[in-house]
Structure formats: C-alpha cells, structure tokens
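Written below as structure tokens is the structure these notes are about.
Every read-out reported here was derived from the displayed coordinates using simple, explicitly stated rules and does not represent laboratory data. As the structure is a computational prediction, the values presented were derived from the model and not from experiment. Positions of Cβ are generated from backbone atoms using ideal geometry, with glycine treated the same way; all protein chains shown enter the neighbour counts.
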Amino acid sequence: MLAEKILQHGIFTLNSSKLRAAPRVIMHQLEKTDGGLSDIEERVLRELASGMGAREVLIHTGSKINVRAQSYDGIKAKIKAT
C-alpha cells in the first residue's frame, strides 16, 4: 500500500539510527469526522499504522493535537477516559 510506504519513509527519515525501535503512533483524521469515525475507518487507520511498523496505535478524534503542549501518554489517558 502506498500510504504505508510513505509513512515508513517519513518515520525512518526522522529516526536515522541504525537500530530502529517501533514507534508509538497517534492517527488523527482531521477531515470529515463530524459524526465520528466508523468502525471500518478506525480499522483502516490502525492497519495503516501497524503496516508501517507501529508497536502501539491510538486513534484520536476531536480537536487538533498541539504537539508542543501534549504528550503521547497524556493523549492516551484522555482517549482511555472517554
């Protein structure tokens, strides 16, 4: 799948180390989420992230994530609480 390859390239470009740990990924669809994501859409996002080598995948719906103010663990706790 082309999207997997693009994500793999982006992750591997950011992490230039010889030993690459599998990343934890937050998938956040920004468009057309008025009624939330369907089960199929969530599955597609999970499989896309898993296919690119993610060890853990979170699906975030809602407002845009501020990467400077929010941590992975903070977002994970927020998702688990809902």
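Could you list all residues from the range 33-82 that are touching a helix residue (DSSP H, G or I) at 6+ places or on another chain (Cβ under 7 Å), of a type in the set (A, V, I, L, M) and in contact (Cβ under 8 Å) with a residue 40 or more places away in the chain?
The answer is L48, M52.
Kindly indicate the residue of the range 40-82 that is assigned to a loop (DSSP other than H, G, I, E, B) and among the β-branched types (V, I, T) and also nearest to A22 (Cα to Cα) among those meeting that condition.
Ranking the candidates gives V67 first.
Would the range 44-58 turn up any residue that is loosely packed, with under 14 Cβ neighbours inside 10 Å and over 19 Å from G10 (Cα atoms)?
Within the range 44-58, not a single residue is loosely packed, with under 14 Cβ neighbours inside 10 Å and over 19 Å from G10 (Cα atoms).
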